[in-house]
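Okay, structure first, notes after.
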Amino acid sequence: MKKTITFFLVILFYFESKAQDPWKIKPDNIDANNYYGVTVGNGIIGVVSSAEPFKVKDVVLAGAYDTYGRGRVSNFLKGFNLLNMFIEIDGKRLDAKNIQNMRQELDMQHASFTTTLDFGSKATIKYTYYALQQLPYSVLMDVTITAKQDLNLTAASVMETPDALRDVQNYYNEIDRPHVTLSLLTSTAKSPTGKLQLCASNSFLFSEEHGHEPKIIHEMWDNSMHLMKFSKPLKSGSSYTYAVVGSTITSAQHADPLNEAERLTIFAKLEGRDRLIKFHNQAWDKLWESDIKIEGDPQAQQDVHSMLYHLTSFSRAGTSNSLSPMGLSGLGYNGHVFWDTDIWMFPALLVLHPDIAKSLIEYRFERLEAAKRNAFSHGYKGAMYPWESADTGVEETPVWALSGPFEHHISACVALAAYNYFRVTQDTVWLKEKGWPILSATADFWASRVERNGAGKFDIKNVVAADEWAENVDNDAFTNAAAKANLFNATAVAKILGMEANPDWNYVAQNIPILTLENGVTKEHETYKGEGIKQGDVNLLAYPLKEITDKKQIEKDLAYYETRVPNEGTPAMTHAIFSLLYSRLGNGKKAYHFFKDAYEPNLNPPFRVIAETKGGTNPYFATGAGGVLQSVLMGFGGLEITPSGITQIKTQLPPNWKSLKITGVGKDKKTYTNSQ
């Protein structure tokens, strides 16, 4: 009996030791031929990893757009690659062919990315980079070389200019001070049309414990690349640590980006490595006070942390930046802002980080006048937000996509986000100054958008549905219900503020139809005949719109439309809504099925990054992450946004989850739990 118990404990220990780390993603192997990078970000800078040693794939900057490439519309720009480097040992440059035991690790708790590798019997190298959370325009690369034999080290920091930029100018400056020499490797360039100036600067950081700083040598290779390097002899058994600190900024953020990039680099350099890492870690510790803790499912815990990490690292409080479907992970969807932000990503940030959510709404408020001009040009009143938005707030959808002129539900999505921001924060000053202008102008849009076709029937015709396979249809369920919510919510806000609402808003809302099929299922649009759907439409009427509240109707609509979504080619969010609704209906088993199906088939190696579709190769799909997080927060967690703030309703956990704990919720940072 004793041997049996001992054997059981050994087996239990083995499986627990193999359980996924809740904070660190550590792939077993790195395959350069099947590698999808993961992003380290701080809401302004996104640094995307590479399978190639000493390289990063991309540096993406929030708010940096210019017109180039496809579609004659604004596109995201890659920033200067200011963290690439090379290392030579005894004159031999290290690369993928001559290094061994390469391992990479993403630390989500402190937003750092570490690579370790060996160079034969001579040395072990470890390097970690950060997009510094406390310094929005600055990054840090921390490098340690451990010598196994006596060797000569040469280490370089390489500044590379992306191909799309032009009029490149490269500089190297040394600023002497009594106790330090500030070596600055700097580049500046224009965006493709000359609209923006992009600048970057970096500098070496040496530790005082290593004695005198080595001599820095500058080399100009070509117009798109230059570097600075140093050499150092190392004794067997010794370790040598240095860092590269850099800053990158554009004229979209600062009137004098070239000088500012150098100033910010000098500031970070004189903070010193230890303080930079300390304050970065403290900032992330503060962010993670708002967390999701799952007991009983280690892989789900790690995956949920990854989703929350990505949304948080792609956005930032105190800005007017918004989120594109791919965040700061690359140039997907040109970096444009869609309903993906307002309906899919915003709610998770709103309940856990209202200050970050405020930035996303600030983005919409600052572009309200552009939305009013858009409505005017289409013959409507009020504000008509563009389907795809970039820096200016004008319509940025390529002309071949009909969603630009016709996917009008976006205006109601923006209004819903604004209304929910107020409901969570109860900030009536913000509501009057910024929420009301958005809600009233979008309500005016819908009052002018409906076609008044007799008593009791105000149609919304000729739209691209939320299910985008349904183009130029009439009375789309989601569009109509979202418009109704917009009109009702604007009326409610007027009452809160003691203002007079337009009586036509309420009248119009009461006369917008929601259609049904003969079997009683809510009909997606007027000519819908049961065909497959690209993504959620009708089921969104139960959540987040609350248009449909009857449990039997919600079940009927779920049973019908869950069979209408193909296995491939559709985005991740729909299954997350199925999961959320089934949890609220008390079916934890089915909710868990759709929770897993919403993202697991979309994962790409080696860091389990989410693609838009099953088998897709365009990560990171932050929209999908936002949907899945809602299935956890508002589904399994039961969080409910109400007129008086956040409350909790009864929902059902997956059978294998012991408990769910959500910390740091809302403006009062409350804790909510759910258990079996």
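The values are calculated or read from the model by the stated rules, or taken from the named source; none is laboratory data. If you're wondering where the values come from, they're calculated on a predicted model, not measured in any experiment. Glycine gets a Cβ as well: all are built from the backbone with ideal geometry, and neighbour counts include every protein chain shown.
Worth pointing out:
- Neighbours by Cβ (under 7 Å, 6+ apart or cross-chain): first from segment 201-224, outside any strand (DSSP E or B); second at pLDDT below 90 and surrounded by 12 or more Cβ atoms within 10 Å (Cβ to Cβ): Glu213/Thr181
- Those residues of segment 500-525 which are out of contact with any Ser or Thr (no Cβ under 6 Å at 6 or more places or on another chain), assigned to a loop (DSSP other than H, G, I, E, B) and over 22 Å from Asp550 (Cα atoms), in sequence order: Glu500, Asn502
- Residue match in segment 290-298 (condition: crowded, with 23+ Cβ neighbours inside 10 Å, of a type outside the set (A, V, I, L, M) and either in contact (Cβ under 8 Å) with a residue 24 or more places away in the chain or not in a helix (DSSP H, G or I) (or both)): no
- The combined condition, being assigned by TED's automatic domain parsing to the domain that holds Phe621, in contact (Cβ under 8 Å) with a residue 12 or more places away in the chain, surrounded by 18 or more Cβ atoms within 10 Å (Cβ to Cβ) and not hydroxyl-bearing (Ser, Thr, Tyr), is not fulfilled by Pro601.
- Residue list for segment 154-184, restricted to those being in contact (Cβ under 8 Å) with a residue 60 or more places away in the chain, closer than 30 Å to Gly91 by Cβ and assigned to a strand (DSSP E or B): Thr154, Ala155, Ala156, Ser157, Val158, Met159, Glu160, Asn173, Val180, Leu182, Leu184
- Conditions (1) closer than 30 Å to Pro655 by Cα; (2) part of a loop (DSSP other than H, G, I, E, B): number failed by Thr312: (2)
- Residue check for Ser236: closer than 24 Å to Ile45 by Cβ and not hydrophobic (A, V, I, L, M, F, W, C): no
- Some residue of segment 379-392 being over 22 Å from Val493 (Cα atoms) and of a type in the set (Val, Ile, Thr): yes
- Candidate set: segment 585-600, residues that are more than 13 Å from Leu558 (Cβ to Cβ) and either outside any helix (DSSP H, G or I) or modelled with pLDDT under 95 (or both); chosen: the one farthest from the chain's Cα centre (by Cα): Ala598
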